[in-house]
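The values are calculated or read from the model by the stated rules, or taken from the named source; none is laboratory data. Fair warning: this is a prediction, and the values are worked out from it, not measured in the lab. No Cβ is skipped: glycine too gets one built from the backbone with ideal geometry, and neighbour counts run over all protein chains shown. Side chains are part of the model used for accessible areas, which takes the heavy atoms of the whole protein and leaves out ligands, DNA and RNA. Shrake-Rupley method; radii C 1.70, N 1.55, O 1.52, S 1.80 Å.
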Amino acid sequence: MPETHSSPEEDKSVLQIWGKSSLKGHVTISGAKNSALVVMAGALLCPQDCRLRNVPSLADVSRMGEILASLGVKLTRQGDVLDINASYIGQSTAPYELVSQLRASFFVIGPVLARLGVARVPLPGGCAIGARPVDLHVRGLQAMGADVHIEHGTVNAYVKGPSRRLKGAKIYLDYPSVGATETLMMAATLADGETILENAAQEPEVIDLANFCRAMGAKIQGAGTKTIVISGVPSLHSADYAIIPDRVEAATFLVAGAITQSEISLSPVIPDHLTAAIAKLRAIGALITPESPNCLRISPGHGLTATDIETLPYPGFPTDMQAQFMALLTVSEGDSIVTETVFENRLRHVAELNRMGADIRVKGNHAVIRGVPTLSGAPVVATDLRASAALVVAALAAEGKTTIQGLHHLDRGYENLDTKLQKLGVKLQRLQGDSTTEVETAPLTPIAPN
Ligand code: EPU
């Protein structure tokens with residue numbers, strides 16, 4: 001994995017966007033970040049070659065590659081194809097420096113434990129959007145017979161007995177956590193007997209992981225429903241698997257089309273993964289039509305109207321699209337209420353949107369948005385990945401120039417965003433650290449990665 005990406009401390013580059021542009025044309029949607037990350041972890045289950053296709057080139061994907069490499073796994077990347085060979089896992093301990101940079105890397109605990117009977121993974125800690133504990137992962141692994149204790153900030157998990165195999169169990173998740181469902185599903189593929197996950201997460205990325213594991217020979221039923229049944233097998237085999245398109249990236253471009261009252265098309269997409277986003281875009285006033293089974297077109301309706309949004313586990317409205325939709329609601333006529341129920345601290349973009357002339361008030365986990373006729377470009381700071389996308393979307397509709405700092409957040413989750421927007425006709429430029437002196441900037445707030 002030869003890519004290098006700037007660390008938060010080094011990231012002094014800014015993105016300047018000139019707003020009030022009208023977008024036109026077609027945008028190609030990349031592979032899903034959150035699928036790619038967990039499928040990469042899932043490749044640890046397999047002692048043979050695995051080929052992953054449609055893997056986006058993102059900072060988070062590079063970091064996950066570094067974690068796998070630190071465990072002794074071999075990775076080769078060419079374009080969007082990533083070959084992983086985990087025939088040899090020489091390390092059961094994931095390094096703190098890497099896990100602390102990418103929460104998703106905690107997910108290696110399930111496959112490493114299933115393969116080796118031992119895994120040591122540092123607690124990833126909280127992040128910009130919330131505390132994000134891992135108690136559901138830990139309790140599930142304990143139910144499968146692992147001895148798990150947390151010492152000096154590291155989760156130590158062992159399986160006792162001569163076979164060192166986890167045991168199938170019936171596990172009820174108190175909350176349908178995406179990560180816990182994925183950890184436990186991966187762990188259960190190689191366990192002795194049947195595991196039943198009740199109240200499992202139903203997100204498309206969970207289904208993608210299940211399909212990848214099935215391609216490797218795992219026996220999994222019910223992924224995408226609240227009950228997933230996994231019958232453990234002794235070992236898995238090589239697979240060639242393509243990651244699904246990124247529904248959050250697709251939704252971000254749909255919002256970009258809506259806020260600029262433009263007509264654009266996007267593919268590949270899986271429209272069923274976008275049901276909640278499409279319903280809200282239609283309620284706000286955008287017209288969305290399927291061009292083909294995997295291509296959507298958005299075009300302007302009669303103005304933008306306020307609507308209420310509450311984030312929920314899938315198939316509810318996704319928390320990962322909340323910030324971008326809030327940007328859209330800032331210029332939608334009337335009062336909207338956005339309620340964030342998944343993460344406890346995911347409204348930090350409000351202050352930045354208000355700097356751009358939005359009228360948003362926050363009370364607890366509710367934001368009340370009073371639509372304004374227009375936003376005005378301003379220097380703003382991205383506080384997390386989806387917040388940065390919201391600022392980009394807002395900048396497209398704002399009068400004048402917006403200068404966005406904290407681009408390491410954006411680069412974690414959006415492949416070639418600058419180029420994709422430029423192709424749609426947006427005027428923008430990225431200035432690297434040493435050329436930013438001419439730019440009016442607000443102080444950078446150091447934020448832990450999410
Ligand atoms: N939670 C617990 N205990 C646990 C696990 C989760 O209390 O053991 C809580 C979390 O603190 C949170 C809620 O449950 O309040 C939901 O967390 P979940 O486990 O579902 O999220 P995740 O697996 O940590 C993934 C995505 C997130 C996305 C969420 C929800 C990856 C790598 N990350 O996180 O993506 O927001 O599911 O859909 O898959 C993003 O892409 O911007 C992003 C943050």
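For this structure, a couple of remarks:
- Peptides ranked, highest mean first, by Cβ atoms within 10 Å: ranges 59-65, 144-150: 59-65, 144-150
- Projecting the Cα positions of L166, S35, N54 onto the charge dipole of segment 33-233 (unit charges on Cβ atoms of Lys, Arg, Asp and Glu, taken about the Cα centre) puts L166 furthest along the positive direction.
- For Q78 and H237, a Förster radius of 22 Å and the Cβ-Cβ distance give a FRET efficiency of 0.45, rounded to the nearest 0.05.
- Computed magnitude of the charge dipole of segment 168-224 (debye, nearest 20; Cβ of K, R +1, Cβ of D, E -1): 200
- Among S70, V381, V368 the positive-end extreme of the charge dipole of the chain (Cβ point charges): S70
- Here the contact order of segment 309-366, divided by its residue count and restricted to Cα pairs under 8 Å and six or more residues apart, works out to 35 percent.
- Selected from N354, T305, L396, residue furthest toward positive end of dipole (the chain; charges at beta carbon): T305
- Rounded to 5, the percent of DSSP beta bridges in the chain classed as antiparallel: 70
- Sorted on the mean count of surrounding Cβ atoms within 10 Å across their residues, most packed first, peptides 315-324, 384-393 read 384-393, 315-324.
- Segment 33-233: Lys pairs at Cα distance under 28 angstrom, eight or more positions apart or on different chains: 10
- Sequence of T93, T339 from largest to smallest accessible area, 1.4 Å probe: T93, T339
- The dipole here belongs to the chain: it is taken about the Cα centre, uses +1 on the Cβ of Lys and Arg and -1 on the Cβ of Asp and Glu, and is about 500 debye.
- Estimated translational D of the chain in µm²/s (Stokes, Kirkwood radius over Cα pairs; 4 °C; 1.567 mPa s): 58
- Linear extension gain, S22 paired with K170, 0.36 nm per residue minus alpha-carbon span: 48.0 nm
- Legend: calculated FRET efficiency, S87 to D192, from the Cβ-Cβ distance at R0 = 30 Å, rounded to 0.05, equals 0.85.
- Residue-normalised accessible area of the chain, given per residue in Å² at a 1.4 Å probe: 38
- The relative contact order of segment 26-66 comes to 57 percent, based on Cα pairs under 8 Å that sit 6 or more residues apart.
- Apolar share of the accessible surface for the chain: 51 percent from carbon plus sulfur atoms, 1.4 Å probe.
- The chain, relative contact order in percent, only Cα pairs under 8 angstrom and at least six apart counted: 21
- Where labels lie 7 Å past Cα in the beta-carbon direction, separation of K219 and R53 in nm: 2.9
- Neighbour cut-off at most 10 other Cβ (10 Å), DSSP loop, trypsin sites (Lys or Arg not before Pro), segment 146-191: K160
- With R₀ fixed at 41 Å, the C-beta to C-beta distance from A351 to R139 puts the FRET efficiency at about 0.70.
- Span-like helix ranges in the chain, DSSP H, alpha carbon extent 15 angstrom or more, Kyte mean at least 1.6: 385-397
- Rounded to the nearest 20 debye, the dipole magnitude of segment 33-233 is 340 debye, with +1 charges on Lys and Arg beta carbons, -1 on Asp and Glu beta carbons, and the Cα centre as origin.
- By the Kirkwood approach, averaging reciprocal distances over each pair of separate Cα atoms, segment 33-233 gets a hydrodynamic radius of 16.4 Å.
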